[in-house]
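The values are calculated or read from the model by the stated rules, or taken from the named source; none is laboratory data. Note that the structure is predicted; figures quoted are calculated from it, not measured. Note: ideal-geometry Cβ built from the backbone for every residue, glycine included; neighbour counts use all protein chains shown.
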Amino acid sequence: MSLESRVTEIIIDKLGVKPEQVTMEAQFDTDLGADSIDQYELIMGFEDAFGLRIDEDEATKLTTVGKVVEYLREKNLDQ
Amino acid sequence: MAKRVVITGSGIIGPVGKTASENWKNIVSGISGIRTITLVDPENFTSKIAGEVKDFDPLDYLDRKVAKRTDRYTQFAMVAAREAYAESGIENNIHPERIGVIIGSGIGGITTFEHEHKVALERGVNRINPFFCPMMISNIAAGRVGIDVGAKGLNLSTVTACASSGHAIAIAVDMIRLGRVEAILAGGAEAPITLTGVGGFCQLKALSTRNDDPETASRPFDRDRDGFVISEGGAVIVLEELEHAEKRGAKIIAEVSGSGMTCDAFHITAPAEDGEGSARAMKLAMQDAGIKPEDVGYINAHGTSTLLNDINETKAIKTALGEENAMKTPVSSTKSITGHMLGAASAVEVIFTAFALRDGILPPTATLQNPDEGCDLDYVPGTARKADIKHALSNSLGFGGHNVTIALKKYSGK
């Protein structure tokens, strides 16, 4: 499964959104309706799924789906 | 003239059905909801039986995001509240700021608590779900129902163990009488069938161990009773000011004519000697409703099937009504069929009592075969009975010595 698909799957599971809403450009707050606790839970979901820890400063920058994918790719977690 | 309060909607999800009418059908027929526990491995419990809500999938009612972020007890409250709210037809007939919510729970989100406690121990406190606190707290059912139906009036929660939803109703009635709001969704919810929930009550020696015969294990007033049967579910009613309800042509189920609330100030779990506190609650409720003991046509007892409750409640009824009236008044415990839904129990039983008044049918103490010595009232044993009654009482008692009695009156039109 591609990195994009894995990230999309986690977002659908945590936020209860429809697959077509989860575009790379989608903003977690305005497009996917995630409040700050939703977003924190989502970060924890990525941490669990990819076996890493994302510190708070970095987490606040991950505001779109694409930015998460990019971040994980930089961490070489796309295999 | 003092304001009067009526029930214009009812909702129940519990071990004998997922709607109020399905529940009532099974209650009148005496069809038990008690089975072997499936929600958690019962192997090490002394009591391996319970009244579970069968085949409950929150996604049948709630969207995925809400379902994932609510404890089972909150889900039951939301399901019951939606049913009551829909039946009442009050939506668009009241300003959102003039309808409130009072929903009680004895425990709150114990499933969530256990789950996240395990996470904290096994994986560390920084892996606790960020939604843990707002899922677990025992007031969140009231908050969620407020959001769900858009009720912006007073919103709070009552926590008095097995009397929780009785207090919710009693306080709601008084709030409406005072003119704080015109309507309130009132009731309770509980989902205690977990490792520590059932395990804790087992350790208190409070639960029936009649594991080989679940359907007759809850035997209120019977000489062979050996404890209560733990159950889960939710029950909510729409309480509405009488004139407000009549003006909009609402279908009125029954009137809640009064309440009585007392404390034993005696012991944390045992009822006071001779049910002294409960007797005073019944007297206060009759006084509040403006009725005399001879007017009471039926009492829905707390009737838990524990040794102490049933004998003391019998004595309490005799004290409150006087021996002669007590002997003539039918008393039944629907816990013989539902088991004990703890924080939801009182609201469930107020609904059954309202239906009894509306339909002229007294629900039975279905499992009663051999009344215990000292349990000598008319407990409507075995099968339901037709009786056109005008006034009824519903009793509830909770650990801590909390007693509440709700008085109801048949509604016979404008």
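At a glance:
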quantity: Filter pass, B:H267 being surrounded by fewer than 21 Cβ atoms within 10 Å (Cβ to Cβ) and of a type outside the set (S, T, N, Q); calculated: yes
quantity: Subset of segment A:1-49 (residues that are more than 25 Å from B:L62 (Cβ to Cβ), of a type in the set (D, E), away from chain B (no Cβ under 14 Å) and surrounded by 15 or more Cβ atoms within 10 Å (Cβ to Cβ)); calculated: A:E4
quantity: Which listed residue, of B:S10, B:S21, B:S32, B:S47, is under 28 Å from B:T383 (Cα atoms), without any contact (Cβ under 8 Å) to a residue 60 or more places away in the chain and of a type in the set (G, A, S); calculated: B:S21
quantity: In segment B:81-136, the residues that are aromatic (F, W, Y) and outside any helix (DSSP H, G or I); calculated: B:F131
quantity: Some residue of segment B:162-173 being modelled with pLDDT of 95 or more, assigned to a loop (DSSP other than H, G, I, E, B), of a type outside the set (S, T, N, Q) and under 22 Å from B:G109 (Cβ atoms); calculated: no
quantity: Subset of segment B:114-137 [touching a Phe, Trp or Tyr at 6+ places or on another chain (Cβ under 8 Å) and away from every other protein chain (no Cβ under 13 Å)]; calculated: B:M136
quantity: Odd one out for B:A326 among (1) touching a helix residue (DSSP H, G or I) at 6+ places or on another chain (Cβ under 6 Å); (2) of a type outside the set (D, E, K, R); (3) free of Cβ contacts under 8 Å to residues at least 40 places away in the same chain; calculated: (3)
quantity: Which listed residue, of B:T269, B:T196, is outside the structural domain of B:D376 (by TED's automatic domain parsing) and among the hydroxyl-bearing types (S, T, Y); calculated: B:T196
quantity: Hits in segment B:267-313 (condition: modelled with pLDDT of 95 or more, part of a loop (DSSP other than H, G, I, E, B) and farther than 19 Å from B:I171 by Cβ); calculated: B:G290, B:I291, B:K292, B:A301, B:G303, B:T304, B:S305, B:T306
quantity: Those helices (runs of 4 or more DSSP H) lying entirely in segment A:1-72 with at least 2 residues within 18 Å of B:I128 (Cα to Cα) and small (G, A, S); calculated: A:36-50
quantity: Which listed residue is in contact with a Ser or Thr (Cβ under 7 Å, 6 or more places away or on another chain) and over 23 Å from B:I49 (Cα atoms), from B:A407, B:A326, B:A384; calculated: B:A407
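Each row is one residue, and each column tells you yes or no for (1) of a type in the set (S, T, Y); (2) part of a loop (DSSP other than H, G, I, E, B); (3) more than 14 Å from chain A (Cβ to nearest Cβ).
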{"residue": "B:I12", "(1), (2), (3)": "no, no, yes"}
{"residue": "B:K25", "(1), (2), (3)": "no, no, yes"}
{"residue": "B:D41", "(1), (2), (3)": "no, yes, yes"}
{"residue": "B:N44", "(1), (2), (3)": "no, yes, yes"}
{"residue": "B:D55", "(1), (2), (3)": "no, yes, yes"}
{"residue": "B:Y73", "(1), (2), (3)": "yes, no, yes"}
{"residue": "B:F76", "(1), (2), (3)": "no, no, yes"}
{"residue": "B:V79", "(1), (2), (3)": "no, no, yes"}
